Amino acid sequence: MITSEKITDESIQSSDLAPGSIDYTRLSDAIITTSKLVGSGGTSITNGTVNQILSSNGDGTFSWVEISSDLDNGSITSSKLASSGNTAMTSGVGGQSLVSNGDGTFSWANISASSTIPDGSITEQKLSLTHLTASTLTLSQSLTANTVQVNNDLNINNTSLTSLATQNRTVTFTDASGIVVISADGKISTSELNDNAVTSEKIADGTISYTQIADNAITTNKIADNAITTSKIEGSSNTNQVLVTDSFGNS
């Protein structure tokens with residue numbers, strides 16, 4: 001057997017070595033430097049700069065590249081995330097959401113229709129609704145001034161607005177034509193009625209008393225035929241007199 005003592009120092013050439021005969025156990029620590037690596041063009045690569053990484057060029061050569069903080073779109077898939085037991089996650093199913101397990105791992109969870117949102121977690125800056133549809137919508141807290149604004153139509157179908165107020169309240173509706181107020185006493189002022197808006201059908205029977213009729217407001221053509229009986233004619237202390245009219249119908 002030929003031992004190391006039999007071999008002269010620095011006498012073994014590369015041609016004396018069989019292909020693949022030197023594995024990593026034959027290499028001393030820290031002996032491979034950048035000059036031992038081949039770069040583009042078959043030349044030795046030089047030292048890189050701080051924070052660069054060594055990257056393969058795909059042709060057996062190497063080069064230094066800058067570390068980018070940006071990730072390519074779609075580069076993080078479920079298999080890149082750790083699930084329970086630190087195993088790669090599998091794909092979830094439709095409608096599931098990704099949740100943290102609280103230990104640095106993740107899992108898929110079904111979204112429950114009964115799930116609640118923690119108090120105070122939705123602020124005005126985080127909520128923007130284009131359409132809101134609800135079979136039942138209950139506001140359990142008080143609304144301050146200008147809290148709810150309706151910029152377009154507010155449609156209420158097959159239902160009614162019910163007041164639960166314990167004292168008088170005022171509801172104001174505004175539009176381009178003016179202000180309509182439903183006040184606490186239920187009265188509507190004359191300024192809120194259009195001209196000729198109140199017709200006979202709008203007046204309940206027996207609601208107008210004589211105190212609401214102006215002096216001389218009732219003329220002959222306002223009195224129905226046969227409407228005046230003897231009880232409607234004021235009596236007189238004078239006797240043996242009769243009521244007569246002239247050719248114009250005046251008494």
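The values are calculated or read from the model by the stated rules, or taken from the named source; none is laboratory data. Small disclaimer: the values here were computed from a predicted structure and weren't measured. Here the Cβ positions follow ideal geometry from the backbone for every residue, glycine too, while neighbour counts run over all protein chains shown.
Worth pointing out:
- Against the conditions (1) at negative phi; (2) under 48 Å from the mean Cα position of the chain (by Cα), residue 33 satisfies every one except (2).
- Residue satisfying all of: in the range 207-233; outside any loop (DSSP other than H, G, I, E, B) and of a type in the set (Ser, Thr, Tyr); nearest to residue 243 (Cα to Cα) among these: 230
- If only residues of the range 236-251 that are hydrophobic (A, V, I, L, M, F, W, C) and modelled with pLDDT of 70 or more are counted, the one that is surrounded by the fewest Cβ atoms within 10 Å (Cβ to Cβ) is 242.
- Condition check for residue 98 on (1) surrounded by 10 or more Cβ atoms within 10 Å (Cβ to Cβ); (2) farther than 30 Å from residue 111 by Cα: one failure, at (2).
- For residue 71, the requirement of being at pLDDT 70 or above and within 30 Å of residue 36 (Cα to Cα) is not met.
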